[in-house]
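Remarks on the structure that follows.
All of the numbers you see were taken from the coordinates with simple rules; none came from a lab. The structure presented is a predicted model; accordingly, all values stated were derived computationally and were not measured. All Cβ positions, even for glycine, are placed from backbone atoms using ideal geometry, and neighbour counts span all protein chains on display.
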Amino acid sequence: MIKLQPRREPSALMVYLSPVLAGLLTLITGAILFTALGYNPLTALHTFLIAPLQDSQGVSEWLVKASPILLCAIGLAVAYRANIWNIGAEGQLLMGALVGSAVALQFPDSESKAVLVLVLICGILAGMFWAGIAAYLKTQFNTNEILTTIMLNYIALNLLQYAVHGPLKDPEGYSFPESAAFSAGATLPTLMEDGRVHIGFGLALIAVLLVWFLVSKSFLGFQMKVMGMEAKAAKFAGYPEKRLTWLVLMISGGLAGLAGVCEVTGPIGQLIPNVSPGYGYAAIIVAFLGRLHPIGILAASLLMALIYMGGELAQIKLSTPAALTSLFQGMLLFYLLACDVLIRYRFIKTKPTTLSQGAN
Amino acid sequence: MTATTARLELQGIRKQYPGTLANDDIHLSILPGEIHALLGENGAGKSTLMKIIYGVVKPDTGAMIWEGNPIQIRDPAQARSLGIGMVFQHFSLFETLTVSENIALALGDQAGDIKTLPERISTISKRYGMALEPHRPVHSLSIGERQRVEIVRCLVQDIKLLILDEPTSVLTPQEVKTLFVTLRQLASEGCSILFISHKLYEVKELCHKATILRGGRVSGECTPADESTLSMAKMMVGDETPVSNTYEKKQGGEVFLTLHQLNQISHDPFGTSLKNISLQVRSGEIVGIAGVAGNGQEELLAALSGETLTPTADSIRFPTGAVGSLNPTERRQLGMAFVPEDRLGRGAVPDMTLTENGLLTGFLHGLVKGGMVLSGKTKHFAEQIIQDYKVKTPNAQAHAASLSGGNLQKFIIGREILQNPQLLVASHPTWGVDIGAATAIHQALIQLRDQGAAILVISEDTDELFQISDRIGAIFDGQLSPFKPTAQATIDEVGQWMAGVFNTEEAAA
């Protein structure tokens, strides 16, 4: 008989091996799935995971996709470490995009990059404001932030829909629900000549560095960690619980807002109804897949971006269903949760126990 | 032959848990009508052994012989049907149900006719001198009364062996006496009792035989009446540990901590409101507050630490002024240090390393500069605690949860003392730690006192308070008793205070 037995100490190896194992299991299940659907599994996996990156154009698109996921996930990791369950990166991202667009559209003919700075700051503030609602409710009324942030996601989505169908709709856009294209001044500079990768990716990398510094070097980061691991110990040591709650929600909301405003000022260039294909939700998976560690999250967001691209490419080349992307994301998360059991438990073979007196 | 057949005999019981051998080759024999003590420090394997007897845990090897017949106990229901009853240290009672409902629930079919159960409960409780009203809801009972519910639950059945796990740890000295009367009566009627404890004088007073466990093995058997508490203690802890010390009593100097008419309404429906608490603690003295758990200790500690702020700042004062409205960090900056009652979860974060746990409250003492953690100094601080307070651990990178209770407690006390506090508030400083660690902790507290710090100790262990405090009093229902120099106080007097008998005394005086 095979039994799960608790380990005396969590396995340090499994902490890092578990995401790799989850990735492998996702691949294997993916291959079985493709076969069942009647595709050649090798061709399908190749289309899904390797073909998207075969030219510099592809790599550029890859980084474009990774940027918003990375920005959201790195912010979420800060909150999750402090045991604050911000599920609202999607809404905070949308608010960043919405408010950033509203500001950008005030300067239709500007060439000045000062406009861009203003737009970015407004996007960040919008994300912070949206997370701030949850922070206020949590610190004042002890409202569960999981519920409030999820609900705020839908409100943000509807506000965005309203804006593109109403006040921000391009008057010369033949009634399409889109804003006018942003001026040059309100557009992010690109990093490469060919391709759309923009300085948003650079900003994301800077965010990774800053967060790494915060969580591993600063006393503030230590206080957040204590609060996350053992709230009563934080209270005993006198750490300011409410201030820390506000802080982590401001950081994650601000970074999600930045992700949103970078999308509209970067690759999209205008406000459209579907700014995000669920980056804010994918970021939750990425944060955990990356073990809430900045470097892990960088790697995980690149993987998640690849799944997005592979899903699209497979749709075009093999006419697979669009749901495949979500399916891969879901599998990755569930396999990760399953593999994480091995961090605290191990498999052992058990023999039936025999007492010395035996059967009498 | 029948007269000498053991009620229960254990032969070669062995139980291996991952990483620890909890029981190894245990032999134990209890006669009918015998009160048998199972002595040992925390972690010696007492709990595992009684769980094996009660059918909660299955042994790896070994035999159990019940009244001459080899048996295997599958589960507690079977144990109960044999006539084995057990009173756990932590009661398993539903607070919203009545006494008889609780008993009916716990026993299931074995409770017999539900309609006559309340009557049988009354009869039994009267017969054994344990007043108990079957229709009262459990939430209205004191801790001592709740324990009676658990004991009566065992007696409702035809009981042959009663197992009691540290039954006296939640009782006042007077309640302990009443319990002992009941137990002696039970034994005289032929019931065997397995009495688990680490309080030696109780064992000496009550028990006919004792089996002593150390590190999962039987380290000795004796007749407590023939032994001194010291010789039994030696069997419990081994020869290498100093067992007992008496410390010189001191008077203290200037007043450091003043509590003045502290009133605080508890917002927790199960909490205790503090009523008119006034107390002074001088530099260079240890003041002890005795009391049964749940009489306002937690609320008083939270008010002292700054986790809850007092309604008027002036009700808690340091020499520098009122501190009632200062947060924990601000109070620490004024020289306070604090040892909370829960080691894991408040005093230390279980899954953090000792280095990180040193930083937890040590951050005010040069470990943080410009918002950055100075990793070298933080590590050095933890290593210094480990060295100075002889904390047994592979290194400072070990997780707090991997340390034994005593070692972690030494670490926490060391962390607080190394911050050179002028006032140390300690709650149950040696709760659940072995004698060796307890002695080390007591010595550290005495040393800190002799360096001139004011120390306030709140503990349920009255013996400990008599040993280390210079002045002693008790808390009952959120009120403080009068305080007396320990040398002039008696256990009986403090026991009365713990039971709330001091208001009349004051009125009379």
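3J(HN,Hα) couplings calculated from phi for the range B:127-139 with the Karplus curve 6.51 cos²θ - 1.76 cosθ + 1.60 (θ = phi - 60°) are, in sequence order, 4, 9, x, 10, 3, 8, 9, x, 9, 7, x, 5, 4 Hz; Gly and Pro show x. Taking the Kirkwood radius as Rh and the Cα radius of gyration as Rg, the range B:169-264 has a ratio of Rg/Rh equal to 1.14. Based on C-alpha pairs under 8 angstrom that are at least 6 apart in sequence, chain A has a relative contact order of 36 percent. Of the Cα atoms belonging to the protein assembly as shown, the radius of gyration and Dmax stand at 33.3, 110 Å. Annotation: amide H-H contacts under 5 Å for residue B:85 (H modelled 1.01 Å from N, sequence separation of 5 or more, or interchain): B:160, B:161, B:162, B:163. Taking every alpha carbon pair in the range B:96-208, what does the distance histogram look like in 10 angstrom bins from 0, in percent? Bins of 10 Å from zero give 13, 46, 33, 7, 0 percent of pairs. Per-residue ellipticity at 222 nm from helix content only, as computed over chain B with -39500 (n - 2.57) for each DSSP H run of at least four residues, stands at -9500 deg cm²/dmol. Shape analysis of chain A yields a ratio of the Cα radius of gyration to the Kirkwood radius, Rg/Rh, of 1.04. Relative contact order for the range B:366-417: 30 percent, from Cα pairs under 8 Å spaced at least 6 residues apart, divided by residue count.
Here the 3J(HN,Hα) profile of the range B:76-90, calculated from phi with Karplus coefficients 6.51, -1.76 and 1.60 at θ = phi - 60°, is x, 4, 5, 4, 5, 5, 6, x, 9, x, 9, 10, 6, 5, 9 Hz, Gly and Pro shown as x. Legend: calculated FRET efficiency, residue B:77 to residue B:114, from the Cβ-Cβ distance at R0 = 30 Å, rounded to 0.05, equals 0.95. Against the compact-protein benchmark of 2.2 N^0.38 Å, the Cα-based radius of gyration of the range B:1-133 scales to 1.21. When only Cα pairs below 8 angstrom with a gap of at least 6 residues are kept, the range A:29-133 shows a relative contact order of 19 percent.
Given a Förster distance of 51 Å, report the FRET efficiency between residue B:501 and residue A:111 from their Cβ-Cβ distance, rounded to the nearest 0.05. Rounded to the nearest 0.05, the efficiency is 0.05.
For the range B:2-237, the convex hull drawn through the C-alpha positions has a volume of 122 cubic angstrom per residue. For the range A:228-280, the normalised intensity computed at q = 0.22 Å⁻¹ comes to -0.81 (log10 of I(q)/I(0), Debye sum over alpha carbons, equal scatterers, no solvent). Could you check the simple spin-label distance between residue B:369 and residue B:205, using points 7 Å along Cα→Cβ, in nm with one decimal? Each label point lies 7 Å from its Cα, and together they span 5.8 nm.
Size check on the range B:361-405: the Cα extents along the three principal axes, sorted descending, read 35, 20, 16 Å. Enter the Cα centre distance for the pair the range B:397-439 and the range B:162-225, rounded to the nearest angstrom. Value for the Cα centre distance between the two parts: 28 Å.
Of the DSSP H helices in chain A, those with a Cα length along their own long axis of 20 Å or more and a mean Kyte-Doolittle hydropathy reaching 0.0 comprise A:12-36, A:56-81, A:89-104, A:113-141, A:145-165, A:199-217, A:241-263, A:294-318, A:323-344.
With a Cα cut-off of under 27 Å and a minimum spacing of 8 residues unless on different chains, the lysine pairs in the range A:64-315 number 14.
When DSSP beta bridges are restricted to pairs lying wholly in chain B, around 50% turn out antiparallel. Build a GNM of chain A with springs between Cα atoms under 10 Å apart, and of A:106, A:161, A:223 the one that fluctuates most is A:106. Computing FRET efficiency as 1/(1 + (r/R0)^6) for residue B:105 and residue A:13, where r is the C-beta to C-beta distance and R0 is 41 Å, gives about 0.35. Here the extension length gained between residue B:447 and residue B:5 equals 153.8 nm, from 0.36 nm per residue of separation less the Cα-Cα distance. With 10 Å bins from zero, work out the P(r) of chain B over every alpha carbon pair and list the percent per bin. That works out to 4, 17, 26, 26, 18, 8, 2, 0, 0, in percent per bin. DSSP beta bridges confined to the range B:151-281 are antiparallel in about 65 percent of cases.
With a simple spin-label model that places each label point 7 Å from the Cα along the Cα-to-Cβ direction, the separation between residue A:318 and residue B:217 comes to 6.4 nm.
Here the simple spin-label model places points 7 Å from the Cα toward Cβ, and for residue B:488 and residue A:242 these points are separated by 4.7 nm.
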